[in-house]
Structure formats: structure tokens, C-alpha cells
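Working notes, structure below.
The values are calculated or read from the model by the stated rules, or taken from the named source; none is laboratory data. Everything quoted here is computed from the prediction, not taken from an experiment. Virtual Cβ from ideal backbone geometry, glycine too; neighbours counted across all protein chains shown. For accessibility, only protein heavy atoms count, side chains too; no ligands or nucleic acids. Shrake-Rupley method; radii C 1.70, N 1.55, O 1.52, S 1.80 Å.
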Amino acid sequence: MGQKIHPLGFRLGTTQNHDSIWFAQPRNYSENLKEDKIIRDCINNYIQKTSGVEGIGRIKIKKRIDLIQVIIYMVLPTLLTEGKPPRIEELQTNVQKKVNCVTRKINITITRIPNAYSDPNILAEFIAGQLKNRISFRKAIKKAIELAEQAGTKGVQVQIAGRIDGKEIARVEWIREGRVPLQTIRAKIDYCSYTVRTIYGVLGIKVWIFLNND
């Protein structure tokens, strides 16, 4: 049968780097992993709550003995930098409280994503927004693929699974445009899976974007 592998894990060490960089003893590993999840969830929830949109590409975490550095890749960095005091300070204190680390300082920096729609997370979020507004899934996917092509990608594949358009029987639909060489390890492919809650039920969105050959 077809063996499916996570496209990012498959390319670790060639075209893909880890999103979390730290070292831990085996007995502390699970604690560190939990901490990463708490930090990411806290940032996503805060941005969702304050602005209504997420717009986060990815969150990278680097840990040292006395410092946790968090880099947020966003489409609109102004969401966190504006306001008095800036929202980023409030976010920093929120994360500090959630993680409950007394000995370590948390430092959050924001990086802007230059081509927003060349990032699969942003694309999946766009499709999710369209599906919530009851726009037909084919229309939503076609529009998303168009936006990705304008952002200069070489190929896009989008898959939606669940009760599409409120049909009784769940099914899987996918559309591919351009090249998406999943078997080629040197091919730089970005991927994300995203769940969206619609009035009919939960839909799963998967997006593969082929950026370039290294």
C-alpha cells in the first residue's frame, strides 16, 4: 500500500531545518516538548483573539540555559508592534506566565513574510476563511492556487477532506497546479495541514507548495 511520509520530516537535514532548536537530557525531553507546544498555542490564541486573523507562517523556538528566543514569521507584523504599550510586550508577559519559567527570560522577535501566499499556512488559512463563508470549495481552491502562483511558486497542491459543501458522505478532493515532486528530497517543498470548523463539521485542509530545487 502507499506509504505516506510527512514532507517536512522527510527533508530534515537537506532543504528543511528544525523549527525548535534545543538540547535536553532524555528525562527532560518531554517537558521541553510540552513547553514548545504551550508557547506556540499561547501565541496563536493571543493573535487570534486580538486581531481575529492568525496570519502566522511559522514559529521558531531556540532555547539556551538562560534564554528562550521565539521568532514569529508573520504577514502583518504591525498587529503586534502597534499600540501603547506594544502588544508584543503583553504577549511576552502572557507567554512568561504560561511557561512559568523563573530562571529564563523570553525574547520574542517578529519577521515579516515577504510573499505571503508562498507560505502554506497562510494559504490554508485563506481557504479556511472562504469555506467558513460558505463559498464553494472548488472556487476557494482555485483562488488560492492563483494567489500562490502570483507569489512565484513552481507548483501547488491543495487537498480538502470531510463533509465538503455539507454533503452527507465525507470525501476527499484535491487539485494540483504545476509540479509538486514529493519523491525528490532535494526539492524544497513546504507543507501544512490545517483544520477548519464549519457549520457542517470539521474539514481538513492540506497544502503542498513547491518552491524551488536546491
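Annotations for the structure displayed:
- Positions within the stretch 150-179 being at pLDDT 90 or above and acidic (Asp, Glu), in sequence order: Glu168, Glu173, Glu177
- Test: residue in the stretch 162-183 that is surrounded by 14 or more Cβ atoms within 10 Å (Cβ to Cβ) and of a type in the set (S, T, N, Q): no
- Some residue of the stretch 185-205 being acidic (Asp, Glu), in contact with a strand residue (DSSP E or B) (Cβ under 8 Å, 6 or more places away or on another chain), crowded, with 19+ Cβ neighbours inside 10 Å and not in a strand (DSSP E or B): no
Residue-by-condition table, conditions (1) more than 20 Å from the chain's Cα centre (by Cα); (2) under 28 Å from Val172 (Cβ atoms):
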| residue | (1), (2) |
| --- | --- |
| Ile72 | no, no |
| Glu90 | yes, no |
| Pro120 | no, yes |
| Ile127 | no, yes |
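- Considered as a group, the residues in the stretch 21-46 that are touching a residue at least 40 places away in the same chain (Cβ under 8 Å) and open to solvent by less than 90 Å² (accessible area, probe 1.4 Å) include one that is nearest to Asp119 (Cα to Cα), and that residue is Ile43.
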